[in-house]
Amino acid sequence: MYNHRIIEQKWIQKWAEGFVDYSLDKQISDDKKYILVEFPFPSGAGLHVGHIRSYVAQDIKARMYRMQGQQVLYPIGWDAFGLPTENYAIQNNISPAIATADNINNFKKQLAVLGLSFDWSREINTTDPKYYKWTQWIWLQMFKAGLAYQDTTQVWWCEELKTVLANEEVIDGKSERGGHPCTRVPLRQWMLAITKYADRLDKDLETVDYLSVIKTQQRNWIGRSEGVQLKFQIANSTQFVEVFTTRIDTLFGVTFLVLAPEHPLLNKITTAEYQSQVQQYHEQTKSKSDLDRQQEKYKTGVFTGAYAIHPLTGKQIPIWTADYVLMNYGTGAVMAVPAHDERDREFAEKYNLEIINVITEQNILENSESYNSLSTTEAKLQLTQELTNQNLGQQKIQYKLRDWVFSRQRYWGEPFPIVWISEHDYKMLSGEITEFLPPKAITREVDDILQYAVPLAISDLPLELPEIESYIPQGLGDGPLAQAKDWVEVWYNIITGQAISRQNPRPDNTWVEGMRETDTMPNWAGSSWYYLRYIDPNNDEVLADKNLLQEWLPVDLYNGGMEHVTVHLLYSRFWHKFLYDIGVVPTQEPYQTRIKHGMILAEGGVKMSKSKGNTVDPIEMVESFGADSLRVYEMFMGPYDEAIAWDTKGLIGCSRFLKRVYQWVEDIKSDNLEPIQDQNKLDYDINYLIQKITQDIDNQKYNTCISSLMEFLNSYQKQNIQIDYIKQYLKLLAPFAPHLAEELWEMLGETTSIHQSQWPQYDETKLVQSKIDYQIHINGKMRDIVTVSADATEHGIQAQVLNSPKVQQILNSNTPKKIIVNQAKKIVIIIS
RNA sequence: GCUGGUGUGGUGGAAUGGUAGACACGAAGGACUCAAAAUCCUUUGGAGGUAACUCCGUAACGGUUCAAGUCCGUUCACCAGCACCA
């Protein structure tokens, strides 16, 4: 009898004792495979059946590739910084570090019973100072390169929770947790200039094999658009307004300009008469959140009293301000073409502005002076040329992508390796630390005093999080770290960049007063480069050895969810490109292939959630049915990349299948089965199975692997087939049900691990059949099957087909008009 | 609104343009059992026929083809992402 508990415990132990060895050879040639699954956030809720689906799927690949003789890197680690742990820690009055350690232990305990072949010797943890030393190191390189800077952005502030919240944490102006009201406040934040890489992030998508949906989503997010930036002179003034347009062909249809309410020129050009209403409108929009602005049904705006001069016609056109124009895209001003732009039309109709049609239905220009009767494409070219010649405009590429807001006013994140010093002291900097200064100094004002950001010495890394009394945020702009006065107030060395607490006496006059940065990094930081650390997880000298990076990069297969396709995937590609630029990594792209896994939903097709009480505990499933059954079921339930509802009944079915496999091997051993019915068919079937499983694993079609294994068992479970065939079968089963396959392998007398045996190869000659079944389609309908020997000529096949009684009956002594013999598809078509 | 994607039995789903519904779940009947569980066997898209078998059937309508779940067009429904991006 198949007892999953005994078998699985036995092999977990034997494997742990070294019965299998997945360690990697030092020699790595072309046949390496780096398989990466998104490392989990170790939440208090524990492992989810959804985690398991992707880990098992990639485990199956890892196991097959190893059996095929490849070097496989299949690592795991913890993405452990972040708000949920911090909140959990606050609620339970423990430190986030302890909460994290507990949660990781729990996750590890759960993962240990699933038969996953992770390389635990490479385990990493983003909250480990040995790890975040390098997160801080990379960030310092970006600081040095001028990619890190500070800017004031609008952030969500929740007075009740005394904290800044991320956009995702605010729903309809209320906090996701507790539903407290939130407001938008301006706050100075660290930013990373990802937009400088927008072009490469877009273009280099051509060089990688991501699923096309993933590429599309990345492209949409980056939002590249080509157009023209051009200048409109303000009437009776020397000022110009710049606008960006992708439709320069509609230039003659411009009947007004619109500036965003925050546009810096607005006050300067507004005439005295209109000052008050423009001001009032600006105040109005300020009080509205982005959300309100978006949700507004009708467009609003006011006239400025000013006019611009059309660059080609010289006509005067009114200038308006309206909040449907966004300050943070393009130039914050648009040339309105109401005839050919929906938003402009709506606005023009509301305020009775002129509408001039300049494009016909056939996409030909009209009302456009000398450009009339040109196609839009041709007009774009010519107009761009003309404006460039007149020095009024030039081609321009715009991106929707915004720079990355890179600070959080929270505790549980990487501290910035930054100290703020006075202007006077900044000018005193000399020696090695000056090499790490950004091209443009970064400053802030505190109580009207200017402070300069200076980098910490590399030798001071990691800059560890201090222990603090309370993790509760203290007030706007001050993260919990601000409480740690001993930590924040430092002596900073103006030559070396080292910092020590001001609790110590000032060593000498090369040490100046400084304040550490009290913001922390967002949890996207640690996950932006973790795949590099797996390659060389214990290196203290560099983030990873160059030769090892050369050998293992890029990641061959990166598996993850669609929810990370825009943010995480884009951020890590950005960091990787930066590291490439400074010579740290040898490739331009981190991931060669990116695939997605589908979500597992609760029974009934809704999302699993604790609050709904519809979650499935994977460990309970392991206890009841075994890890092998759980693995097989999660692969069998449906196409791997699609969302699918959990069904414990289906798991029971898979458990039944494994029981039957066990029974089959027992029966073979005790010799109480029927003899083989058809050796040729068996040869064909086993070879076909090998071929199919090998291909299907490669193509992520795990569900059909399982059904093929079931089919083979259904056909042969009563026949006394040769032990060799059983062994082949077990090898094919091994990646899916590693414990059971190992047990049965041992039962058949093997003394070494099945997981280190060689993956079966199919024999092509066995897949060629001596007799072929031809399906006979008559007028498109399948009418008969005629078995013909494989070496028959086309003529012979035709004769045999026409001889079939069934065919004769249907033909009813008519002569067929046409006979097609399709060798590859084994189809004969007769038209009567 | 835009961009992708998906529509197949009671359910999850299979099907390089070539036997639609593999495999599994569920259900019904049967065997074993004092009984139950487990296991095993049979049936299981719809309609008609004693039967061999016939006809219909892959969201809807049209098209291409000897042949369409699959390719093309239109429509509808659902899912995901983006959303005043000039």
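The values are calculated or read from the model by the stated rules, or taken from the named source; none is laboratory data. Values in this document were obtained by computation on a predicted structure and should not be read as measured data. Ideal geometry is used to build each Cβ from the backbone, glycine not excepted, and the neighbour counts take in all protein chains shown. Side chains are part of the model used for accessible areas, which takes the heavy atoms of the whole protein and leaves out ligands, DNA and RNA. Shrake-Rupley method; radii C 1.70, N 1.55, O 1.52, S 1.80 Å.
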Among all the aspartates and glutamates, which ones have a C-alpha under 15 Å from A:Lys130's C-alpha, if same-chain residues fewer than 8 places away are not counted? A:Asp79, A:Glu414, A:Asp460, A:Glu464, A:Asp536, A:Asp540, A:Glu541
Enter the accessible area of A:Tyr210 (Å², nearest 10), with the probe set to 1.4 Å and all protein chains included. 20 Å²
Long pairs among A:Lys215/A:Lys400; A:Lys32/A:Lys203; A:Lys10/A:Lys32, criterion Cα-Cα beyond 24 Å: A:Lys32/A:Lys203; A:Lys10/A:Lys32
Could you work out how far apart the two model spin labels at A:Lys400 and A:Leu713 are, taking each label as a point 7 Å from the Cα in the direction of the beta carbon, and quote it in nm? 4.8 nm
Whether segment A:587-742 is rounded, prolate or oblate, judged on the alpha carbon gyration tensor where a/c under 1.5 counts as rounded: oblate
Cβ-derived FRET efficiency at R0 25 Å, A:Arg188 paired with A:Thr434, nearest 0.05: 0.50
Keeping all protein chains in the complex and leaving out DNA, RNA and ligands, what accessible area do you get for A:Thr815 with a 1.4 Å probe, in Å² to the nearest 10? 120 Å²
What ³J(HN,Hα) values, in whole Hz, does the Karplus curve 6.51 cos²θ - 1.76 cosθ + 1.60 give for segment A:763-769 when θ = phi - 60°, with x put for Gly and Pro? 9, 3, 5, 6, 8, 8, 8
Tell me the GluC sites (Glu not before Pro) within segment A:688-792 that lie in a loop according to DSSP and have at most 16 other beta-carbon atoms within 10 Å. A:Glu750
Suppose we keep just the DSSP beta bridges with both residues in chain A; what percent of those would be antiparallel, to 5? 75 percent
5 Å is the cut-off here: which amide hydrogens, built 1.01 Å from N in the peptide plane, fall below it relative to A:Gly77, excluding neighbours closer than 5 in sequence? A:Ile124
Helices from chain A with mean Kyte-Doolittle at least 0.0 and a Cα length along the axis of 20 Å or more, per DSSP H: which? A:702-716
So what's the back-of-envelope 222 nm ellipticity for chain A, counting only DSSP H runs of four-plus at -39500 (n - 2.57) apiece and dividing by all residues, rounded to 500? -10500 deg cm²/dmol
Give me, ordered by chain and number, the residues 5 or more places off A:Tyr774 or on other chains with an amide H under 5 Å from its own placed amide H. A:Val786, A:Thr787, A:Val788
Accessible-area order (highest first, 1.4 angstrom probe) of the listed residues A:Arg408, A:Arg5: A:Arg5, A:Arg408
Under the Karplus curve 6.51 cos²θ - 1.76 cosθ + 1.60, θ = phi - 60°, whole-Hz ³J(HN,Hα) for segment A:363-375, x wherever Gly or Pro sits: 6, 10, 6, 9, 6, 10, 6, 6, 8, 3, 6, 7, 6
Let me cross-check A:Arg660: its accessible surface, 1.4 Å probe, with only protein heavy atoms counted, in Å² to the nearest 10? 80 Å²
What list of ³J(HN,Hα) values in whole Hz, one per residue of segment A:597-611 in order, does the Karplus curve 6.51 cos²θ - 1.76 cosθ + 1.60 (θ = phi - 60°) give from phi, with Gly and Pro shown as x? 10, x, 6, 9, 9, 6, 4, x, x, 9, 5, 6, 8, 4, 5
Charge tally in the Cβ shell below 15 Å around A:Lys766, where Lys, Arg are +1 and Asp, Glu are -1, A:Lys766 excluded: -3
Using heavy-atom solvent-accessible surface (probe 1.4 Å) with all chains present, what is the largest-first order of A:Val622, A:Val606? A:Val606, A:Val622
How large is the Rg to Rh ratio of segment A:239-389 when both quantities use alpha carbon positions and Rh follows Kirkwood? 0.98
Looking at segment A:424-471, which trypsin sites (Lys or Arg not before Pro) are DSSP coil and have at most 14 other C-beta atoms within 10 Å of their C-beta? A:Lys440
Dipole of segment A:199-275, Cα-centred, from +1 at each Lys and Arg C-beta and -1 at each Asp and Glu C-beta, to the nearest 20 debye? 60 debye
Entries in A:Lys781/A:Lys826; A:Lys231/A:Lys268; A:Lys109/A:Lys133 that, when Cα-Cα distance is taken, lie over 19 Å: A:Lys109/A:Lys133
By accessible area (1.4 Å), largest first, A:Met747, A:Met782 order as A:Met782, A:Met747
Just to confirm the filter: which GluC sites (Glu not before Pro) across segment A:419-467 are DSSP coil and have at most 15 other Cβ within 10 angstrom of their Cβ? A:Glu464, A:Glu467
Defining a contact as two alpha carbons under 8 Å apart and six or more residues distant in sequence, what relative contact order in percent does chain A show? 14 percent
Quantify how much of the Cα-Cα distance distribution of chain A extends past 49 Å, in percent. 39 percent
